[in-house]
Amino acid sequence: MPKTPDVDFTSPSAQFFFDLSQDLYFRKDARNYINRLSIKDLNTLGRTSLLDIYLDTGNVVEPHIHQNASELVYVIVGSAVISLINPFTNELLNFPAGPGQVVNIPQGWWHYEVASTDGTHLLAIFDSPVPEAIFGSDILRLTPPGVWAHTYGLNQAQVSAALAPITGTTIIGPPLPGQQTTTPMPYVPYGAAPRQPVQAEQAAHYQRPAYPSPYLPQGYGWPYSY
């Protein structure tokens, strides 16, 4: 786990301001993307970090764990169903959340978020200076199909066929038609060749997938209103 360095607050190198659009963590399209803030962006940050998440209806921050941090998900705009597995009770818990509401995810717990309205904006707050994650897509694609088949008594050919489309880290699913799964953006130092903010892209080109979808828990259909 990255440690919080000692910071000389009188130094000219002490950083107190950062524009999150300069650290794009992941982009699916112009309406579904994640910006990031960590101590690599802001060296006075201390033991906290953020993911700034934008999702449209039915888009999913894929199942994953944070091996180095607990997470507090705060809904700014819109609504989402935030689901997690309690490893002490082996229960799947589903929490519909709207503006001003939070869901707490302890460190290492399996969880995912599904937007239930367009324009949903979530803020994920971590108690670590750099958020780290292990994603379900990587577990599925990097474990050999033969291991899945042998361990669970499955047909290996069917497992291979089912997992073949997962060629990278998904992060926000489902993929758009013809879109391959991709990997997160690397860190780019602030001020060094900043990326064009995704907000500037033409949202009119965004083609929303057909919904409803089976990925929300039963009873949590769209639209979910508060």
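So with the 1.4 Å probe, I'd like the accessible area per residue for segment 25-127, rounded to whole Å².
I get 34 Å² per residue for this part.
Surface composition of segment 87-138: carbon plus sulfur atoms contribute 56% of the solvent-accessible area (1.4 Å probe, protein chains only, all chains present).
Here the accessible area is traced with a 1.4 Å probe on the protein chains. For segment 6-85, carbon and sulfur cover 58 percent of it.
Shape analysis of segment 41-179 based on the Cα gyration tensor places the equivalent ellipsoid semi-axes at 28, 18, 16 Å, largest first.
Site pair Phe9 and Val102 shows an inter-label distance of 2.3 nm when each label is modelled 7 Å from Cα along Cα→Cβ. Using a cut-off of 10 Å between beta-carbons, work out the net charge of the residues near Leu122 (Lys and Arg +1, Asp and Glu -1, Leu122 not included). Around Leu122, the charge tally is -2. Can you check what the net charge comes to around Tyr112, using other residues whose Cβ is under 12 Å from the Cβ of Tyr112 (Lys, Arg +1; Asp, Glu -1)? Here the count lands on -3. With a cut-off of 12 Å between beta carbons, the residues surrounding Ala69 carry a summed charge of -2, where Lys and Arg count +1 and Asp and Glu -1.
Using only C-alpha positions, report the orientation-averaged shadow area of the convex hull of segment 105-157, nm², one decimal. Across all orientations, segment 105-157 yields a mean hull projection of 6.2 nm².
The values are calculated or read from the model by the stated rules, or taken from the named source; none is laboratory data. These numbers were taken from a predicted model, which means no experiment stands behind them. Glycine gets a Cβ as well: all are built from the backbone with ideal geometry, and neighbour counts include every protein chain shown. The protein model used for the area step is the full one, side chains on, heavy atoms only, and it has no ligands, DNA or RNA in it. Shrake-Rupley method; radii C 1.70, N 1.55, O 1.52, S 1.80 Å.
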